[in-house]
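Worksheet: one structure, shown below.
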Amino acid sequence: MSQTPESAPAYVSIENQMPEDLFDAMREFIRLHPQWDQYRLMQAALAGFLFQHGCHERSVARHYLDGLFQRPASQALRP
């Protein structure tokens, strides 16, 4: 991957369509776990998939581990 210029935003917005039953399961999970939101859940899921399938970038591993340990955002590791 190429380096991101310092002036670029730290986040990228994406749009995705998913099966309704998967969306319902995500919504129910978030309802039962108020410390999660749809953004954190999707970041954890994507980082977990990439990490478990061989991506060894440090930033991906950091997001993966943050998702596993569910630390409050104020305690999350920073670059």
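Every number in this text was worked out from the coordinates using simple rules, so none of it is lab data. Note that this is a predicted model, so its numbers are computed, not measured. With ideal geometry, Cβ positions are generated from the backbone for all residues, glycine too; neighbour counts draw on all protein chains shown.
General remarks:
- Within-13-Å neighbourhood charge of residue 51 [Cβ basis; K, R +1; D, E -1]: 0
- Here the Karplus relation 6.51 cos²θ - 1.76 cosθ + 1.60, evaluated at θ = phi - 60°, turns the backbone of the stretch 47-55 into coupling constants of 4, x, 4, 4, 4, 6, 10, x, 6 Hz, with x for every Gly and Pro.
- Derived scalar couplings ³J(HN,Hα) [the stretch 20-30; Karplus, 6.51 cos²θ - 1.76 cosθ + 1.60; whole Hz; x for Gly, Pro]: 4, 5, 5, 4, 4, 5, 5, 4, 5, 4, 5
- Distance between the pseudo-spin-label points of residue 25 and residue 12 (7 Å out from Cα toward the beta carbon): 2.6 nm.
- Relative contact order for the stretch 20-75, counting Cα pairs under 8 Å that sit 6 or more residues apart, in percent: 30 percent
- Kirkwood hydrodynamic radius of the stretch 20-75, Cα pairs, Å: 11.9 Å
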